[in-house]
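Below you'll find the structure, written out as structure tokens, and then a few comments.
The values are calculated or read from the model by the stated rules, or taken from the named source; none is laboratory data. For clarity, every value in this text was computed on a predicted model and none was experimentally measured. Positions of Cβ are backbone-derived with ideal geometry, glycine not excepted, and every protein chain shown enters the neighbour counts. Accessible surface areas use protein heavy atoms only, side chains included; no ligands, DNA or RNA. Shrake-Rupley method; radii C 1.70, N 1.55, O 1.52, S 1.80 Å.
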Amino acid sequence: LEPTPTPANGTTESGYSSLSQAQVDTIIRKSKKALGNAKPAAVRLTFHDCVGGCNGCLNIDNPDNKGLEDVVAKLEEIYQAEEFYNIVSRADVWALMGIWSVNDTIRRNNEDCALYGPNGTLPSPNQHSYENCQMVTDLQVPFMWGRKDCETSPYASTDVHLPAATLGYDGLMQFFSSEFEFTPREVTALMGVHTLGKADIFNSGFHGTWVNNQQGYFNNQYYINIANSSLGWRAFQKPCENLPNADISACQAGQMTGWSWNVAATGFNLNADMAIYKNFSVQDSGEPDCTYEECPLSPTAPDVEEFAQDNSLWIDEFSSIYTKMLAHGAGELYPVE
């Protein structure tokens, strides 16, 4: 990949002069090899990078970033081997691969729904039922470049004060308003990204899959589950030694997960997830002060219900807020040529 020549009148603030679609395609083709099944982690990386400003730096010694160190290391290996530092910042690569990861999980959702869904011709290849699957519209997030890496990129020692998973409604909205100037509806649209991936007790202290059997699909099932009062959501802690898909030999004596909301064979939610639909206070231990049935609806509950009913509406609004998040603290950004 040829370095981009510096124009006579100088470069952008990020230190680079231009970026072509061919170069972007090469970055994706080379970098996606580093992700494998870690696309949810690539999307998570973009959020963790952009708290405090998108600058291509992550404090891997911060427990809140645990589970991202491998993604950062693998992307860095390719960044160096392919000499991408000649044409683009790490922060731009992380943003690009976050966008690509969402798009690829939309593609997978639509391909599998077409094959195994109500209009498909093949039986489900697993225990997941595709009877109610929906086609998802394309993400509308154009990649813009020009983010500037911090001096020690890709690593940092600073603490950017990521939000706690135990936050209730007020704390969640206060964080996003203060950090990103997001509205409550924008926060609600962004939280739907948790339709991807799962939590691991040895990374975050929590354990579970947000949407069972769909952690690789980007769709609105996250909202459908949260708003479904018939599922029987319950908040509790889980003993480490009883966790599925966990290396129980690594459990410490008496180790428990943090408090989370759970429905067997359906999924789980953190307090911060459930807070967009139910309004509750959280005790110091992380325990909510009411049950799903007792908790009143949050001010954003109507937004959750709207997104649960309309995939396209949610994708449109997620696209807008994800674009906004990826520009946080970045200064002027530029379109690909």
Can we say residue 206 is surrounded by 15 or more Cβ atoms within 10 Å (Cβ to Cβ), out of contact with any strand residue (DSSP E or B) (no Cβ under 8 Å at 6 or more places or on another chain), modelled with pLDDT of 95 or more and not small (Gly, Ala, Ser)? no
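Condition check ((1) of a type in the set (Ser, Thr, Tyr); (2) under 12 Å from the mean Cα position of the chain (by Cα); (3) under 25 Å from residue 236 (Cα atoms)) across all residues:
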position	(1), (2), (3)
179	no, no, no
183	yes, no, no
186	no, no, no
199	no, yes, yes
205	no, no, yes
213	no, no, yes
221	no, no, yes
Restrict the check to the stretch 321-329 and report whether at least one residue is in contact with a Pro (Cβ under 7 Å, 6 or more places away or on another chain), modelled with pLDDT of 95 or more and farther than 27 Å from residue 221 by Cβ. no
Within the stretch 82-100, take every residue that is in contact (Cβ under 8 Å) with a residue 12 or more places away in the chain and aromatic (Phe, Trp, Tyr) and give me the one that is surrounded by the most Cβ atoms within 10 Å (Cβ to Cβ). 94
Out of everything in the stretch 167-181 that is among the aliphatic types (A, V, I, L, M) and part of a helix (DSSP H, G or I), what residue ends up being nearest to residue 287 (Cα to Cα)? 172
By residue number, the members of the stretch 61-81 that are aliphatic (A, V, I, L, M) and loosely packed, with under 15 Cβ neighbours inside 10 Å are 73, 81
Of everything in the stretch 109-134, what is surrounded by fewer than 14 Cβ atoms within 10 Å (Cβ to Cβ) and touching a residue at least 24 places away in the same chain (Cβ under 8 Å)? Give them in sequence order. 126, 127
Residues located in the stretch 291-331, provided they are more than 24 Å from residue 102 (Cβ to Cβ) and touching a residue at least 12 places away in the same chain (Cβ under 8 Å): 291, 292, 293, 295, 296, 297, 298, 299, 301
List the number of the failed condition for residue 58; all other conditions in (1) open to solvent by 10 Å² or more (accessible area, probe 1.4 Å); (2) modelled with pLDDT of 95 or more hold. (1)
Can you name the condition, by its number, that residue 106 falls short on among (1) under 26 Å from residue 236 (Cα atoms); (2) out of contact with any strand residue (DSSP E or B) (no Cβ under 7 Å at 6 or more places or on another chain); (3) among the aliphatic types (A, V, I, L, M)? (1)
Candidates 137, 195, filtered to the one that is open to solvent by 30 Å² or more (accessible area, probe 1.4 Å), within 20 Å of the chain's Cα centre (by Cα) and of a type in the set (Ser, Thr, Tyr): 137
Among the residues of the stretch 153-160, are any among the hydroxyl-bearing types (Ser, Thr, Tyr) and under 18 Å from the mean Cα position of the chain (by Cα)? no
